Each structure stands twice: as structure tokens, then as C-alpha cells.
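Below is one structure, written out as C-alpha cells, with a few remarks after it.
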Amino acid sequence: MELDTRIVLAETAAERSQQEINENVSYNLHKVLTAFRNHKISELHLQSSTGYGYNDVGRDGLEAVYREIFCGEEALVRHQVVSGTHAITLAYFGNLFPGDELLSVGTPYDTLLKVIGSEKKEMGTLRELGIAYREVPLAENGSIDLTTVLDAISPKTKMVSLQRSKGYQWRPSLTIDEIAVVTKGIKSRWPHVIVFVDNCYGEFVEKKEPLEVGADLIAGSLIKNPGGGIAPCGGYIVGKKELVERAAMRLTAPGIGGEIGPSLGNNRLFYQGLFHAPHVVGEALWGAVFTASLCAGLGLEVMPQEDGIRTDIIQAIKMGNRERVLAFCQGIQRYSPIDSHVTPIAWDMPGYEDQVIMAAGAFVQGSSIELSADGPVREPYIVYMQGGTSRQHVKLAVTETIREMIMNGLL
Ligand SMILES: *Cc1c(COP(=O)(O)O)cnc(C)c1O
């Protein structure tokens, strides 16, 4: 079949998912607008503060809005949180004490392995602090086996950590329904165990978020979904009041917590990004379905399938060899608005074990709600594509990348 025919088929597949995507965008936009209205967000909130940032009504209003949207008792939403990894780290270090155990369901995201540390108790890690760590493996098909998780929990287990998105793993992402079942199971047997969910890439993909189905604490990055492609940096933590407050004490200092922290001109960008976030997530999802269909048509294994259930914006494509991974990422970079002339290469990125290649020709450095494709360069050579603030951009970049790969004999 000609590539042009495949492109038409992929577009048809994306259009088939359109109704569900639209409905979801509208639902989540309604949720966001309701929170803005309930908290009377006004021009005043778009101003900002400097120095200590006392009486920063914009910052406080934003946290109130996040609290409502994600259904938590408390929220911490700050540009001082430098990344998703930092947000999750605050949740861990704020709430785990020497002698406690952190139990992760499945292997956590690559950068978190560095936060946890190994038996060598590297500097600054959870392990150095005397916090024990264990992992319960996911089932063969990537789902959670509740009995295995419940059996793995011991009286020492203070927190169970779930990761909604697949990260750099070839597995289905955890849906809100699955998170609900696991959380309910844990809470019925171990009510005091904290259920933490790494919510990166999951925000606004479904109608519910993890706290609504019983989780205690979530964290994520503002240069992913909830920043809407507009937030220039930052992270968030939402959940039970005490747990968020404890995380805030680690961000700043005990006695200070979330009380201070200047917003330095970011308030408008955070509000505006949050307002756009449901729409942008919809664009990214359309692009992901298009890409799944096109790549599957060319014989590549994809996860999820074009008509698969989605709970995050990631589209994984099994490329099968190093050359294709590099070519795909380089192609996406070439069709990016920024740095289109540079060639991304695999490098030893801080926080990762394997070499990683990242195509991110984004307005905000490293922003992966903007169209981006990346992956650790290791067997079985999977590319993870996500984001795209407009579906036309995703379609254009992916089609031209694939066209070039075919021309160069890589597909
Ligand atoms: C992106 C991501 C992180 C880490 O976020 P950074 O901002 O890259 O530090 C953690 N977990 C998951 C599942 C992610 O997708």
C-alpha cells in the first residue's frame, strides 16, 4: 500500500476517536472553568510577587483551583519545583522516615531509581536515609495483581507508589479504574498505608483523576499536561492536607512550607496553561491515535493500539533497532518549531541509566506536552512519542518523518 493511502487511513482512525476525545475535552474544560469561577479568579490573580512572596493571592488562588480540579484537600503548585522528578521526590522525602518502607508497584520511572538509590546508599537517596525500598512486579501483561501487592505490604510499609503512565516501559498504562481497584484493595486491608500516584502525562486524559478514586497523594510536572504548553516550568503535588504540607516542608523549610515562594511573573502562564490543558491534551491524543494507526500499518508494534484505551498521552512504538529510533527522533526534531536544524543524539542524560535520545524542538526546554519523541537507546528500541499542541503539527511531523525513513530504507 502506498504511504499516502496509509496516511488517509490513519487520519480516519483518528477521526473515529474524535467524538470520545471531544467529549472528554469538554468535560475537563468544564471542570477547570468551574474551579476558576468558584475561586473567583480575576485579573488580580494574574499579578505576581517577588522576594518571599507573602500574600501572593495569584499563587494561593492557583493552588485552590488545583485542589478543586484534582479533588484534594491541599495543593502545592510552584515553579520552584524544577521537574516532575522533583515533585515526586518531595512527596517521598516529605512523607517517608528512617525505618519506613516504600513499596513500588512495578519499576518506577528511570529518574526515580536514582532518587531511591541502590544498596550502595548513594548520596542524598532514600536508601541513604535508611528508608527501605521494595518492588512488586507487575503481571506478565502489565496489569497489577492485587493479591501480590497486598501480600507484599508489611507493617513497615508506609507508602505504596503507583505510576499511572507507562514511562519508558512496554506496558499498558494504568487506567483510573485499575488505580481504583488497587487503592480500594490496599485501603481495606491496610488503611494507614499512603497510596501515592505518579500522575505524569495522565492529567485530563480521563474524566477522573487518581484522588477521586481513593489515592492519597499525586504529583506531576507543569511542562507536561496541566501546563498546557504555556507554563514555563514547575510541578504540582495534590492530596491529603498533611501529606502535601509535609512535602512543602521539604520544598522550603520546616515552619515555612508553602507559606512563601514568589511567583515571579508565572501566575498568568500557569492559569492560562491550565485553561488550555484539556484542549491541548485532546490534540495530543488525536496525534497519538494517528501515529499508532500509521505505524501499525507499516508493520511496527505499537502501544496502545489505535483503538486502545488511553489514560495518558504517550504513544509507544517498537522500532526494533537503534537506527530507526534515532531516525524517528531526528525526524520529529526536524519538524519542530525550535532547533529544527539541530540533530539530536543519544547521550548520558543526568538521572538515567542508559543513553537517552530526545527530540524536543519546544518553546519550553524539555517540554513534553509540546510534540516530543524520546527513549532510552536500549533493547527492544522503543520510541515514546507524546504531546503536540496542535494535531496538524503531529500529523505533519510524523508523516514527513515516516516518509524520510522509508526513503532512506529504514522502513
Ligand atoms: C516525565 C515523568 C517523570 C519525571 O518528570 P521529569 O519532569 O522528566 O523529571 C516521572 N514519571 C513519569 C511517569 C514521567 O512521565
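At a glance:
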item	result
Candidates GLU122, GLU203, GLU178: whichever shows maximal mean-square fluctuation once the chain is modelled as a Gaussian network with Cα springs under 10 Å	GLU122
Calculated FRET value between SER118 and ARG189, using beta carbons and R₀ = 35 Å, to 0.05	0.75
Ellipsoid semi-axes in whole angstrom, largest first, where each is sqrt(5λ) of the Cα gyration tensor of the stretch 44-264	28, 20, 16
Top of GLY234, GLY117, GLY106 by mean-square fluctuation, Gaussian network on the chain, Cα under 10 Å	GLY117
Shape call, the stretch 300-411: gyration tensor on alpha carbons, a/c limit 1.5	rounded
Percent carbon-and-sulfur accessible area, the stretch 209-358, ignoring ligands, DNA and RNA, probe 1.4 Å	53 percent
Of LYS120/LYS156; LYS184/LYS395; LYS31/LYS166; LYS120/LYS241, pairs whose Cα-Cα distance is over 28 Å	LYS184/LYS395; LYS120/LYS241
Within a Gaussian network of the chain (alpha carbon springs, distance under 10 Å), most fluctuating of VAL356, VAL193, VAL342	VAL342
Shape metrics for the stretch 115-217, restricted to C-alpha atoms - Rg then Dmax, Å	14.2, 42
The chain: relative contact order in percent, alpha carbon pairs under 8 Å with at least 6 residues between	19 percent
Residues of the stretch 178-315: accessible area per residue with a 1.4 Å probe, Å²	33 Å²
For q = 0.07, 0.10, 0.14 Å⁻¹, Debye-computed log10 I/I(0) when each Cα of the chain counts as one equal scatterer	-0.31, -0.65, -1.29
The stretch 44-264: relative contact order in percent, alpha carbon pairs under 8 Å with at least 6 residues between	31 percent
Modelled FRET efficiency - R0 60 Å, ASN55 with GLU140, Cβ distances, 0.05 increments	0.65
Local net charge near GLU73, Cβ-Cβ under 12 Å (Lys/Arg +1, Asp/Glu -1)	-3
Efficiency of FRET between ASP348 and ASN22 - r from beta-carbon atoms, R0 60 angstrom, step 0.05	0.90
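The values are calculated or read from the model by the stated rules, or taken from the named source; none is laboratory data. None of the values given here were measured: they were computed from a predicted structure. Because the Cβ atoms are built from the backbone with ideal geometry, glycine has one as well, and the counts that use them run over all protein chains shown. Calculation scope for accessible area: heavy atoms of the full protein, side chains included, ligands and nucleic acids excluded. Shrake-Rupley method; radii C 1.70, N 1.55, O 1.52, S 1.80 Å.
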